Amino acid sequence: MKPRQRKQYFRNMKRSDDSEREKRRKRRRLLQELGEQRIPYLSPTDPGFQDLWDSSYAGLALRQSGTLPEGLHEKVQSALLTLQRHGCLLRDLVRVRDRDVFTAVSRALVGQPGYTYRYLDTRLFTIPWHCEGEEGQKDEKGKPCCDSDLRDACKALWELNQFFCSDVKQQTNARGVKRTRSDTENSEDAPGEGMCEEESVKDRLVEEKTIEEEEEDSGQGCSHSSPPSSTPPAAQASLVQFNVTLINYMNPAAMTQLKEEPYYGMGKMAVGWHHDENLVPLSPVAVYSYSCPAEPKNEGVTEKDGEGKSKEKEREAKGEGTSTEEVKKEGEASVKEDVEKEKTCWRVGLKVAWDIHTPGLALPLQSGDCYYMTDDLNRTHQHCVLAGDTARFSSTHRVAQCCTGTLDYIQKRCSEALENLHSDPEKNAKSLISLLPSILQRIEDIHNEVEFEWLRQYWFQGRRYARFCSWWTKPMEQMEKDWKEMERMTQLLLVVVEDEATAQENRREMADVLLNALTDRQQHRQTWRDSDCVPPTRV
Ligand SMILES: O=C(O)CCC(=O)C(=O)O
Ligand SMILES: [Fe+2]
């Protein structure tokens, strides 16, 4: 981290404390304003559903199960079950409003080898997907990093990813064309509207954070991965390259306490309201939803079915016909039944951020359905997942902001720091090459980044990765060695600072750098110690 970035980092931490308080206030105010009432929301059976979708949720697109390429469902669904069988899906211990909590859903990250995805203060490391024809990484003994069926599973998810990359592009292109047309019709619209400069997108993300459960952070201060703001939407769409998918799994029958959705009364939530965080600004998200066959409670016949049938039989026995009134009543009953059925189905809920006037939207998802969140939907809206009756997987494909989130990146940073260490093999001694405060500062920042953003994150998660995939094992061991060298460098710096022979002026500057670095490190280490270091539970 550059000194400027570092200052920004701590300023952001402070700001996020302040905005946390502000959000709490806002949330309380909203709930007070709402009182006992609930904000309306619409489902497909409600009149006006489509209009609401078109007017207030235009960035949302549904691709129904039946329209996916032949054979893809089978591959993807069996891949998801394989991940589960291998024990890859775990509940994450994340930080929400200064508390450590386990996510209700179990998760795994699959994606580009060496990529990570950071959400709610947790860095997940990818189980690598290997592309068509590619063999994947092998260790020195020629052993591949994962079992062959796990490898096949990841490849199937990569295939789904490929499909999403081109399909979402078409979706957005189609809308881009539409929008360009309406932009010319309405010249009052600013060109490139909604495509703020990245920094301000992030600032707004921080401010607009949710009134709810899972909250998002504003990424990692990257500044070069979004397309230039003058790029028209259609051209931007052609850049879509999902690099990771976060897999979710939950069986509601195994969960004792799912929270009720508090604002609209939408039902039980598997994932609370949130914006997806740490994505390249304006990039889309594509989701595949797979509801597994239910462990049936009563052979799939609901009480309602049984009741309906017996009423019919009664009527038959009485020889009664059906009056218009009865038809109307039955019609109403069947709408009600549809509504009830919708609630047994998994749904994605959407709302406009910080808005209690626009009705919410609840979109039921049949098994195999996919949905896309495009344009700036993820920034302007929040989404939640409403639990249905069955167990369900989802594969959520994202363009993760990865400028500081790849193995390649952090390895380069380590090398940069270690360049300042000179080894004298004859004397078996080590020394620092440069004592320039700016260089020392940079090295201490790298030291912190390696320790807190990578090593502790990795070990904290209970070495969950090594159990089924060895991809990260060697690089993380090497990183730990590099970190030990950095600890050594800090000690060497301490010796120089304590040495009275060192020129006074330089000494003070160096002492400043050292003191700041050690204070930050101490604080961070305490935070890690304070969080309950219980490794995520296995599901
Ligand atoms: O499961 C879904 O449909 C979406 C899950 C989600 O919102 C997330 O993982 O961020
Ligand atoms: Fe999400």
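The values are calculated or read from the model by the stated rules, or taken from the named source; none is laboratory data. Quick caveat: nothing in here was measured; it's all calculated off a predicted structure. Reconstructed Cβ throughout: ideal geometry from the backbone, glycine too, with neighbour counts over all protein chains shown. For accessibility, only protein heavy atoms count, side chains too; no ligands or nucleic acids. Shrake-Rupley method; radii C 1.70, N 1.55, O 1.52, S 1.80 Å.
Overview of values
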item	result
Among residues of region 66-101, those that are among the basic types (Lys, Arg) and in contact with a Pro (Cβ under 6 Å, 6 or more places away or on another chain), counted	1
Residue tally, condition open to solvent by less than 70 Å² (accessible area, probe 1.4 Å), assigned to a loop (DSSP other than H, G, I, E, B) and not polar (S, T, N, Q), over region 15-66	8
Any helices (runs of 4 or more DSSP H) falling wholly within region 423-508 and containing at least 2 residues that are touching a strand residue (DSSP E or B) at 6+ places or on another chain (Cβ under 7 Å), at pLDDT 95 or above and farther than 30 Å from CYS146 by Cα	473-498
Tally, over region 110-127, of residues that are within 18 Å of LYS155 (Cα to Cα), among the hydrophobic types (A, V, I, L, M, F, W, C) and in a loop (DSSP other than H, G, I, E, B)	0
Scan of region 365-389 for residues that are open to solvent by 10 Å² or more (accessible area, probe 1.4 Å), over 17 Å from ILE247 (Cα atoms) and of a type in the set (Ser, Thr, Tyr), ordered by number	THR380
Candidates ALA400, ALA387, ALA417, filtered to the one that is out of contact with any Gly (no Cβ under 7 Å at 6 or more places or on another chain) and away from ligand 1 (no atom under 16 Å from the Cβ)	ALA417
Qualifying residue in region 69-80 (condition: within 29 Å of TRP273 (Cα to Cα), touching an Asp or Glu at 6+ places or on another chain (Cβ under 7 Å) and aliphatic (A, V, I, L, M))	no
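To keep it simple, each residue is scored yes or no on (1) under 18 Å from THR406 (Cα atoms); (2) within 15 Å of the chain's Cα centre (by Cα); (3) of a type outside the set (Lys, Arg).
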| site | (1), (2), (3) |
| --- | --- |
| LYS75 | no, no, no |
| SER78 | no, no, yes |
| ARG95 | no, yes, no |
| ARG99 | no, no, no |
| PRO113 | yes, no, yes |
| HIS130 | yes, no, yes |
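Per-residue answers, yes or no, for (1) farther than 17 Å from VAL450 by Cα; (2) in contact with a Lys or Arg (Cβ under 6 Å, 6 or more places away or on another chain); (3) not aromatic (Phe, Trp, Tyr):
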| site | (1), (2), (3) |
| --- | --- |
| TRP483 | no, no, no |
| GLU487 | no, no, yes |
| LEU493 | yes, no, yes |
| GLU498 | yes, no, yes |
| ALA503 | yes, no, yes |
| ARG507 | yes, no, yes |
| ASP512 | yes, no, yes |
| LEU515 | yes, no, yes |
| LEU518 | no, no, yes |
